[in-house]
1. Checking the conditions here, which among A:181, A:159 is of a type in the set (D, E, K, R) and in contact (Cβ under 8 Å) with a residue 40 or more places away in the chain?
2. Could you please find all residues in region B:48-60 being within 13 Å of the chain's Cα centre (by Cα) and open to solvent by 60 Å² or more (accessible area, probe 1.4 Å)?
3. Answer yes if at least one residue in region A:207-219 is open to solvent by 10 Å² or more (accessible area, probe 1.4 Å) and modelled with pLDDT of 95 or more, and no otherwise.
4. In region B:1-47, which residue that is surrounded by 20 or more Cβ atoms within 10 Å (Cβ to Cβ) and among the small types (Gly, Ala, Ser) is nearest to residue A:165 (Cα to Cα)?
5. Does residue A:41 satisfy the criteria of being basic (Lys, Arg) and in contact with a Leu (Cβ under 8 Å, 6 or more places away or on another chain)?
6. If you take just the helices (runs of 4 or more DSSP H) that sit entirely in region A:103-210, which of them hold at least 3 residues that are away from chain B (no Cβ under 14 Å) and under 20 Å from the mean Cα position of the chain (by Cα)?
7. Which condition number in (1) open to solvent by less than 70 Å² (accessible area, probe 1.4 Å); (2) more than 30 Å from residue A:133 (Cα to Cα); (3) touching a Cys at 6+ places or on another chain (Cβ under 9 Å) is the one that residue A:39 fails?
8. Mind checking which strands (runs of 3 or more DSSP E) fall wholly inside region B:4-94 and carry at least 1 residues that are at pLDDT 95 or above and within 10 Å of chain A (Cβ to nearest Cβ)?
Amino acid sequence: MYTQGLDQAGKSDPAKPGPETREQLDAFQTRIDAEEKIEAKDWMPEAYRRTLVRQISQHAHSEIIGMQPEGNWLTRAPSLKRKAILLAKVQDEAGHGLYLYSAAETLGVSRDQMVADLLSGKAKYSSIFNYPTLSWADIGAIGWLVDGAAIMNQIPLCRCSYGPYSRAMIRVCKEESFHQRQGYEIMLTLCGGTAEQKAMAQDALNRFWWPSLMMFGPNDANSTHSAQSMAWKIKRFSNDELRQKFIDVTVPQAEFLGLTVPDDELRYNEETEHYEHSDIDWQEFFDVIAGNGPCNKQRMEKRRKAQDDGAWVREAARVYAEKKAAASAAA
Amino acid sequence: MKQEWPLYEVFIRSRSGLSHRHAGSVHAADDEMALTNARDTYTRRKEGVSIWVVRSDKIVASDPEESSAFFEPAEDKIYRHPTFYEIPDEVENL
């Protein structure tokens, strides 16, 4: 689960021209325009490679950090069935992270380097995972809204011009629908329960609605890297287009649940056939991206601890494998 | 920095009768771990009945930069295709 908006986080300018000649760049663009897929060993502009490394690795980090807010409820799921489902979903997120890390590695960056960039804070992950999961209803809201927003973004990424990324996204999208449906089913169950349970569902929607809309990234006018990504067919739709699509499909789902979307200005425009909504608090988005969300510190601490605590296991396995290989070579 | 576990490419046969197909890659300390990691990463929904893993550094690949020269021998042999031959319509079963 992830959406765009991470293309804001890069410090270096990915559109900065590399050492390529005009002819090389034109030939590359011709391939892109013809909808040819670019494969790992094909020639590509440095800026294309940099953009992809940043986007795919940050997408992978999002999947891995995204395990934390949901993992928080694994031991407290309300039934064995819900627990098994949530465990399977969290495992899927780990799997998605691994598909994506391996796609990024085809571009010549090592797994260790990517992890180091995450742990040092150089690489970002999706802002949404810096919000806390305070009640069981949040697990429903995350599956429904956060995975829902992720699907909106990831489906066009299946057609991304970079082959390994596109194939990873196809795999991810096949699994993502289960995530969203299990979340909506949790919401349905709560909304069909006691008044208190329904209030929990409403509270979760209230807290996750705006952060979910922010997942699509800044408004198009303020989206720094969009134009080049669109030209390279890494990105197929703008942030605002995807956000609008998400709102249009999600509002009726909220109505079915009998819940109120926390936006007084939300209304359906019969002419455009789209919902109109009030402005997003972008200051909140930039604060969270900058590291000042409610859980940024906690998420990073937990990830660093996991990395440190596992170090001896990784090292022991490596040394054991070497010894075994040496023994079988000697035999 | 500690050394990274080697990278393995993963190939999966989705059901018997089909050939193995590249699925992605995994890191693992040894061959056996590569198989179980590949299973956990790429077949959580019964996507496979058989897995091959091979160290990525053992794969020999053709160079895309040289691909036009490399595949050139096949360029001018259109007579290898059945449509190259003109057979009168009256002749059947050919």
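1. Just a single option satisfies the conditions, and that option is A:159.
2. B:52, B:59, B:60
3. Scanning region A:207-219 turns up at least one residue that is open to solvent by 10 Å² or more (accessible area, probe 1.4 Å) and modelled with pLDDT of 95 or more.
4. Here the residue is B:24.
5. Criteria not met by residue A:41.
6. The qualifying helices (runs of 4 or more DSSP H) are A:136-141, A:147-157, A:163-191.
7. If we test residue A:39 against (1) open to solvent by less than 70 Å² (accessible area, probe 1.4 Å); (2) more than 30 Å from residue A:133 (Cα to Cα); (3) touching a Cys at 6+ places or on another chain (Cβ under 9 Å), just (3) comes out false.
8. B:7-13, B:21-27
The values are calculated or read from the model by the stated rules, or taken from the named source; none is laboratory data. Because the structure is predicted, anything quoted here is derived from the model rather than measured. Glycine also receives a Cβ, built like all others from the backbone with ideal geometry; neighbour counts cover every protein chain displayed. With ligands, DNA and RNA removed, areas are computed over all heavy atoms of the protein, side chains included. Shrake-Rupley method; radii C 1.70, N 1.55, O 1.52, S 1.80 Å.
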